[in-house]
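Below: one structure, written as structure tokens.
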Protein chains: 2
Amino acid sequence: MFGLIGKMRAKPGKRDDLLAILLRGTDKMPGCLNYIIAKDPADADAIWITEVWDSEASHKGSLSLPQVRAAITEAMPMIAGFDSATRTEPVGGFGLPREGAH
Amino acid sequence: MFGLIGKMRAKPGKRDDLLAILLRGTDKMPGCLNYIIAKDPADADAIWITEVWDSEASHKGSLSLPQVRAAITEAMPMIAGFDSATRTEPVGGFGLPREGAH
């Protein structure tokens, strides 16, 4: 499995608009096992995104999906940048599809 | 919802043993919506744990569950410390139980 933990920074006052776009774009991505979007309660412009994919190739492939490309285009003007992005290697836990966990 | 993103550090050489204990302890925790355990591919002793709970109270309550207390006791000698622990406020995404997502 391939994972990402990223901290995205919205432009001031744009976090809720950005969250709405992100929330629309998380369904029906092939190979996506988990994609959770969260506010940072201590940082008014920060969004945490934690992702699990069956492979890095599936993650890369998702960036070419029409709905993801549309979401990126719509979101881009509201994104100030990324504070951090960490690759992980998920090994299991609760909340993954059974065939993805081990 | 209540979330946590934590980076735990195993004592040198103990990551796999620690992962095995963590993986056993993630099932049947009331109010737990997501609990994913990952290796850090760039840091041989680091483990990332990303959690989503229906409430902070459920998270706190989990620490009193017999199986969690047993896992903590067993894991403690293998844990060097925590590099980071961030509270989040999950708002939705893919991979949460339907009643927990919105």
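Values for this structure:
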{"read-out": "Residue check for B:PRO41: under 23 Å from A:MET29 (Cα atoms) and in contact with a strand residue (DSSP E or B) (Cβ under 7 Å, 6 or more places away or on another chain)", "value": "no"}
{"read-out": "Long-range neighbours under 9 Å by Cβ, at least six apart or interchain, first residue more than 17 Å from B:LYS7 (Cα to Cα) within the stretch A:35-51, second assigned to a loop (DSSP other than H, G, I, E, B) and of a type in the set (Lys, Arg)", "value": "A:ASP45/A:LYS11; A:ASP45/A:LYS14"}
{"read-out": "Within the stretch A:34-52, considering residues that are surrounded by fewer than 17 Cβ atoms within 10 Å (Cβ to Cβ) and of a type in the set (A, V, I, L, M, F, W, C), the one nearest to A:LEU18 (Cα to Cα)", "value": "A:ALA44"}
{"read-out": "In the stretch B:1-33, residue surrounded by the most Cβ atoms within 10 Å (Cβ to Cβ) [restricted to those that are touching a Pro at 6+ places or on another chain (Cβ under 8 Å) and part of a strand (DSSP E or B)]", "value": "B:GLY3"}
{"read-out": "Selection count where residues are within 12 Å of chain A (Cβ to nearest Cβ) and either within 13 Å of the chain's Cα centre (by Cα) or more than 21 Å from A:PHE2 (Cα to Cα) (or both), scope the stretch B:10-20", "value": "3"}
{"read-out": "Only listed residue being within 11 Å of chain B (Cβ to nearest Cβ) and loosely packed, with under 15 Cβ neighbours inside 10 Å, chosen from A:SER55, A:SER84, A:SER64", "value": "A:SER84"}
{"read-out": "Any hit, the stretch B:44-61, residues being modelled with pLDDT of 95 or more and more than 29 Å from A:MET8 (Cα to Cα)", "value": "yes"}
{"read-out": "Pick from the stretch B:34-52, criterion assigned to a loop (DSSP other than H, G, I, E, B) and hydrophobic (A, V, I, L, M, F, W, C), ranking: farthest from the other protein chains (Cβ to nearest Cβ)", "value": "B:ALA44"}
{"read-out": "Test result for B:GLY92, under 26 Å from A:SER62 (Cβ atoms) and over 13 Å from the mean Cα position of the chain (by Cα)", "value": "yes"}
{"read-out": "Enumeration of residues in the stretch B:63-77 that are in a helix (DSSP H, G or I) and not acidic (Asp, Glu)", "value": "B:PRO66, B:GLN67, B:VAL68, B:ARG69, B:ALA70, B:ALA71, B:ILE72, B:THR73, B:ALA75, B:MET76, B:PRO77"}
{"read-out": "Residue match in the stretch A:78-88 (condition: assigned to a helix (DSSP H, G or I) and either modelled with pLDDT of 95 or more or more than 14 Å from the chain's Cα centre (by Cα) (or both))", "value": "yes"}
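The values are calculated or read from the model by the stated rules, or taken from the named source; none is laboratory data. What you see is a predicted model, and the numbers here were worked out from it, not measured in a lab. So basically every Cβ, Gly included, is an ideal-geometry build from the backbone, and we count neighbours across all protein chains shown.
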